[in-house]
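Any read-out appearing in this document is the output of simple, stated calculations on the displayed coordinates, not a laboratory observation. Since this is a predicted model, take the numbers as computed values, not measurements. Here the Cβ positions follow ideal geometry from the backbone for every residue, glycine too, while neighbour counts run over all protein chains shown.
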């Protein structure tokens, strides 16, 4: 990792006032308590008392002493001056304090009185390195984020901030040590056969201009039976490396995912030029993480395919339903006429059938009843399911491959479905 990773803006903001402190910050860091006032009592002159007070507040707020102790925002200066009963403009007092030799002596006095430690002082320095190393090992934070976290820890631990380059180099070196350890630990896990298969990912199959890694990290996009089969074969190819059997529980999941993302985004030539341990570790992380990714993408494809089949079945069912409505209406009207005769109480029972047949021929009535039975659907029966069954030819192209490659699990509620799936597995 490059030693210098901070932007120029971040360097300018380090250990310096960047804006007026907020009201909450003024109340927390720029309030002079009884202990502060007792120590101020030994200072002669308003300019010494104001300068000493501002140095106390500055080291609380920034955990460092300014090269020019008077470069404090005006709002903070006025806030402290009011507490010292200084009603006049404090600017001349600060100008006088800036040229006084006591300013440097005051910073050493404050450091001793308020328990601030130098950055290189032990055991604080070792504790910071250990904290940085643990954080770098467990997380995949960017170096600039880790730098900010380290700065906050120094402020909280009352350790005076070092130069920006010193802390920047420390963060970079600790992250490098954590990364090297990660690569070495991961590279020791695969067997010789697994290492061979991982290295083989960087080679191009015969007749292809792209490596196996390029093929594996290309996500499937075509929503179709053949597209799903291709996605399932991709999952099988990743599993063939055998990395699921490797115990990687000692590796923080975030670090493993970070390595896998790097392998997914880097060029093959970049990975080939890596040191042996780093290359094996990167490919191992890719194979481990992208097995789950490949399976998720295959299921996303399956979900999209089933949705498209369901949408098509719904559309076809609605069209067929519309085409049969005319015949259904004709048959229903004939049955209505027959029912009106049956409901008419003026017709004696023995003559009812004769009256019905006089209105509608027996053969026509029989055909109408058969047509209504064929076309009418109970409310709970959806036409889509009937149409979906007709798409079995599409489903059968990928269903055996899906059931053979994917092992399903289920909650107690879903066990009947799981039993059905198990029954269908070839």
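Please order 110, 246, 417, 280 by the number of other Cβ within 10 Å, starting at the fewest.
With the sparsest Cβ surroundings first, the list reads 417, 246, 110, 280.
What nm distance separates the two modelled labels at residue 109 and residue 418, each placed 7 Å from Cα along Cα→Cβ?
My value for the distance between the label points is 7.5 nm.
Compute the separation of the alpha-carbon centres of the stretch 22-49 and the stretch 108-172 and state it in Å as a whole number.
26 Å
Fewest to most neighbouring Cβ within 10 Å: what's the order for 212, 108?
With the sparsest Cβ surroundings first, the list reads 108, 212.
Report the FRET efficiency, 1/(1 + (r/R0)^6), for residue 209 and residue 68, where r is their Cβ-Cβ distance and R0 is 41 Å, rounded to 0.05.
Efficiency computed from Cβ-Cβ geometry: 0.05.
With a Förster radius of 22 Å, plug the Cβ-Cβ distance of residue 396 and residue 292 into 1/(1 + (r/R0)^6) and report the FRET value to the nearest 0.05.
FRET efficiency, residue 396 to residue 292: 0.20.
Distance in nm between label sites at residue 131 and residue 266, each 7 Å beyond Cα in the beta-carbon direction?
Here the answer is 3.1 nm between the modelled labels.
Sorting 369, 57 on the 10 Å Cβ count, fewest up front, what's the list?
Working: 369 14, 57 23.
Taking fewest neighbouring Cβ atoms as first place, the list is 369, 57.
Run the quick spin-label model on residue 359 and residue 303: label points 7 Å from Cα toward the beta carbon, then report their separation in nm to one decimal.
Output for this residue pair reads 5.5 nm.
Note down the relative contact order for the stretch 124-187 as a percent, whole number, built from C-alpha pairs under 8 angstrom at least six residues apart.
That works out to 47 percent.
What FRET efficiency comes out for the pair residue 410/residue 149, r = Cβ-Cβ distance, R0 = 41 Å, nearest 0.05?
In this case the efficiency is close to 0.45.
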